[in-house]
Amino acid sequence: MTALAACVPMAAVALLELADPGLAFVAASLLAAAVANLLVMAAAPSDFVAAFAERRDLEFTWNKDTIRCVLEAVARVAIAQQAFATLGEDPVVSGLAAGAASVALVAAFQAYLCSVDGPPRADHPVNEDPAKVWREDKGVTVLQDRVYFNEKRVAAARKDITMAEVAKHNTRTDVWVCVEGHAYDLTKYVELHPGGWLPIANLAGRDVTDPFANYHPAPVYRSLLPNFYVGKIIDYKVSPFVKEHRDMRQDLLRRNQFETKRSFYVSMSIWYVSLLSAAVYFTVWGSSVAEHMAGAVFLALFWQQSAFFGHDIGHNAVTHVRKSDSWWGMVMGNITGGISLSWWKRSHNVHHVVCNSIENDPDIQHMPILAVDKEIFGSFFSTYHQRQIVTDAAARFLVAYQHILYFPVMAVARFNLYIQSYLLLFSGERIEYKATEVGTLAIFSGLLVAAMYNCMSSWQEGLAYLLLSHALAGVLHVQITLSHFAEQTYHGQAYNDETDEWFHMQVKTSLNVDCPLYMDWFHGGLQFQVEHHLYPRLPRHNLRDCRTLVRALCAKHGITYNELPFFEGIQRVIDKLHLTAKETRYLKLTDGGFYDSAIFHGANLLG
């Protein structure tokens, strides 16, 4: 029966050879690939087959299938050329050789990926000890004490601390926080914090058990936090819901969901290198305007896609080692992207802990061009920018048309990030690796200027290249703003009560994109914004599974879970911007800093 089954495609190959040698080559190649696949899987060790099956069933199909197809296609073309030269240009023979060899190459690549990850870790047993918790250490789940103590600090510890007293220490120069029911005085550490002083200052005086757990690995609990111990909080309580969502995170840790699959980033690295290589090829070696513009398109796609890797790196979700991730981030973000890693971390860390806070979240502070909510109108002090933001005449005019300006602004938004990067690096802020950051950004600028000067035929072509690459890369900014612009905003800090504790605050201020599995590559993890905000160190490839758990918990407790298809989400943002724009028509001179504008009144036929 097997021999008969093999004769059918062979007969088809023979017939195709008579009709079209090219089709005969393709058919022979596919036949050889199918047979070689069966032979590889039959001869491979059982652990390789199991690992291969696990990757096929559980990982993103896009990255596996695309890499496999690309490798096979390249191998077949290369091997076919050699076969034509050495085997008398026989299409069937060369097709068989190309198909078999390409499968062998891909099988070797898959074997490498399996060896990179190693055997899958078994789930940890359920922790029954309330004095211990699961935490993440360099991406590996470890069981450790819930609270560690410094003997010297314990000897001087107070025993009468209440949450009300902790709440009084809520400024940059006087910072107490609550972690796991214990008070810590971080006043002397706030300026030394690697994540910047702003996240700590924004959380001062509050229970930060959840944000602290989601931003710090196990060693920080053991080696650093005990040095700032003040005492146990006598009236600290955890509600049933908070306990439930903390238990859910513990279960994710127990099941090793915070462990990064290195094979995922090996595969994605091939994708990034392919895009950058195409961009360089068409830009440097292209001989026409069309080829140069193709280079701009590939560069834009590279910037959009590699930004997701930079995002993962910035959250220490790749190697889970801060120093390693920082250096990789400076390569991807600074040298190839032109955006400072330190600027991104400073801004993004604040955004995560006070998401959509009008006074504190820099990601929604875009006056005088955009206002995501009418509550932004007026005058308020931005803790991030350290200045008063006033809705003046220019803001009133621009915001009135923000729903029209939205896409043009997104198209040039990347230029603003270049400016913000340099402004931070040359400010008085404490910046880790400042000299390296400046140097790497200079490399990016030098490479871009050199490409424009040496590869473009005219300044007009160079300008078109810049505008096209940056405008197309603007889809990334649409994806970013889509995640929060149309969601709830609030004044001041969160973490005040049960309605705005960590889980509630992150869910109600974030929007997921409902997309099929095969489009996960395009969104790069941003489509699971709710889960990412809840667990920022959770690797991107595990967010889809986490989504199922979060949705179930929200449904159980009647919490609105925001999720829309991509284009419906964009429309939601446009509608929100339009609604806010219309509010400007009814604002008066006394409404928090507005000043009448003759241009505005004339353009809107107002008297």
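Quick one: is Phe397 among the aromatic types (Phe, Trp, Tyr), part of a helix (DSSP H, G or I) and surrounded by fewer than 16 Cβ atoms within 10 Å (Cβ to Cβ)?
Details: among the aromatic types (Phe, Trp, Tyr): yes; part of a helix (DSSP H, G or I): yes; surrounded by fewer than 16 Cβ atoms within 10 Å (Cβ to Cβ): no.
Taking the combined requirement at face value, the residue does not satisfy it.
So for region 246-262 (the condition being β-branched (Val, Ile, Thr), surrounded by fewer than 18 Cβ atoms within 10 Å (Cβ to Cβ) and either touching a Phe, Trp or Tyr at 6+ places or on another chain (Cβ under 7 Å) or farther than 30 Å from Trp459 by Cβ (or both)), does at least one residue qualify? Quick ask: steps written out before the conclusion?
Within region 246-262, the first condition is being β-branched (Val, Ile, Thr), and the residues that meet it are 260.
Still in the list and also surrounded by fewer than 18 Cβ atoms within 10 Å (Cβ to Cβ): none.
The answer is no; no qualifying residue exists.
Note down all Cβ pairs under 8 Å where the first residue falls in region 193-210 and is in contact (Cβ under 8 Å) with a residue 40 or more places away in the chain and of a type in the set (D, E, K, R), the second is surrounded by 20 or more Cβ atoms within 10 Å (Cβ to Cβ) and part of a loop (DSSP other than H, G, I, E, B), and they're at least six residues apart or on different chains.
So the pair list comes out as Arg206/Gln493; Arg206/Tyr495; Asp207/Tyr495; Asp207/Glu501; Asp210/Glu501.
Can you find a residue in region 269-285 that is assigned to a loop (DSSP other than H, G, I, E, B), surrounded by fewer than 17 Cβ atoms within 10 Å (Cβ to Cβ) and of a type in the set (Val, Ile, Thr)?
no
Exactly one of these conditions fails for Leu538: (1) over 22 Å from Ala486 (Cα atoms); (2) touching a Cys at 6+ places or on another chain (Cβ under 9 Å); (3) surrounded by fewer than 17 Cβ atoms within 10 Å (Cβ to Cβ). Give me its number.
Against the list (1) over 22 Å from Ala486 (Cα atoms); (2) touching a Cys at 6+ places or on another chain (Cβ under 9 Å); (3) surrounded by fewer than 17 Cβ atoms within 10 Å (Cβ to Cβ), Leu538 comes up short only on (3).
If you scan region 510-530, which residues turn out to be in contact with a strand residue (DSSP E or B) (Cβ under 8 Å, 6 or more places away or on another chain), not aromatic (Phe, Trp, Tyr) and not in a strand (DSSP E or B)?
Within region 510-530, the first condition is being in contact with a strand residue (DSSP E or B) (Cβ under 8 Å, 6 or more places away or on another chain), and the residues that meet it are 511-514, 523, 526-530.
In the following step, the residues that additionally are not aromatic (Phe, Trp, Tyr) were identified as 511-514, 523, 526-527, 529-530.
The answer is Leu511, Asp514, His523, Leu526, Gln527, Gln529, Val530.
Would you check if there is a residue in region 240-259 being of a type in the set (Val, Ile, Thr) and in contact with a Gly (Cβ under 8 Å, 6 or more places away or on another chain)?
no
Under 9 Å between Cβ atoms, at least 6 apart or on separate chains: pull out the pairs that start in region 438-456 with a residue that is among the polar types (S, T, N, Q) and end on any residue that is in a helix (DSSP H, G or I).
Partner pairs satisfying both residue conditions: Thr440/Met330; Thr440/Val331; Thr440/Gly333; Thr440/Asn334; Thr440/Ile335; Thr440/Leu341; Ser445/Tyr418; Asn454/Val284.
Restricting to region 312-335, name every residue that is among the hydrophobic types (A, V, I, L, M, F, W, C) and either outside any loop (DSSP other than H, G, I, E, B) or over 24 Å from Glu531 (Cα atoms) (or both).
So the first thing to find is which residues in region 312-335 are among the hydrophobic types (A, V, I, L, M, F, W, C), and the list is 313, 317-318, 321, 327-328, 330-332, 335.
Scanning region 312-335 gives Ile313, Trp327, Trp328, Met330, Val331, Met332, Ile335.
Would you mind finding the one in Arg387, Arg414 that is of a type in the set (Lys, Arg) and in contact (Cβ under 8 Å) with a residue 24 or more places away in the chain?
The conditions single out Arg414.
Would a scan of region 469-490 turn up a residue that is in a loop (DSSP other than H, G, I, E, B), in contact (Cβ under 8 Å) with a residue 40 or more places away in the chain, at positive phi and small (Gly, Ala, Ser)?
There is no residue in region 469-490 that is in a loop (DSSP other than H, G, I, E, B), in contact (Cβ under 8 Å) with a residue 40 or more places away in the chain, at positive phi and small (Gly, Ala, Ser).
Look at region 416-441 and say how many of its residues are loosely packed, with under 13 Cβ neighbours inside 10 Å and either part of a helix (DSSP H, G or I) or under 22 Å from the mean Cα position of the chain (by Cα) (or both). Write out each step before concluding.
Taking region 416-441 and keeping what is loosely packed, with under 13 Cβ neighbours inside 10 Å, we get 419, 423, 426-428, 435.
Still in the list and also either part of a helix (DSSP H, G or I) or under 22 Å from the mean Cα position of the chain (by Cα) (or both): 419, 423, 435.
So the count comes out to 3.
For Asn334, which of the numbered conditions (1) closer than 20 Å to Ser427 by Cα; (2) of a type in the set (S, T, N, Q); (3) assigned by TED's automatic domain parsing to the domain that holds Ala473 fails to hold?
(3)
Out of region 508-523, which residues are closer than 23 Å to His216 by Cα and surrounded by fewer than 23 Cβ atoms within 10 Å (Cβ to Cβ)?
Within region 508-523, the subset closer than 23 Å to His216 by Cα is 509-510.
Scanning region 508-523 gives no hits.
Here's the yes/no breakdown for (1) aliphatic (A, V, I, L, M); (2) at positive phi:
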residue	(1), (2)
Trp303	no, no
Ser306	no, no
His315	no, no
Val331	yes, no
Val372	yes, no
Gln386	no, yes
Ile389	yes, no
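Checking Glu244 against (1) in a helix (DSSP H, G or I); (2) within 24 Å of Val318 (Cα to Cα), which single condition isn't satisfied?
For Glu244, the failing item is (2).
If Ala122 satisfies all but one of (1) without any contact (Cβ under 8 Å) to a residue 12 or more places away in the chain; (2) in a strand (DSSP E or B); (3) not basic (Lys, Arg), what's the number of the condition it fails?
Tallying (1) without any contact (Cβ under 8 Å) to a residue 12 or more places away in the chain; (2) in a strand (DSSP E or B); (3) not basic (Lys, Arg), Ala122 fails exactly one: (2).
The values are calculated or read from the model by the stated rules, or taken from the named source; none is laboratory data. Since we're looking at a predicted model, the values are computed, not measured. Positions of Cβ are backbone-derived with ideal geometry, glycine not excepted, and every protein chain shown enters the neighbour counts.
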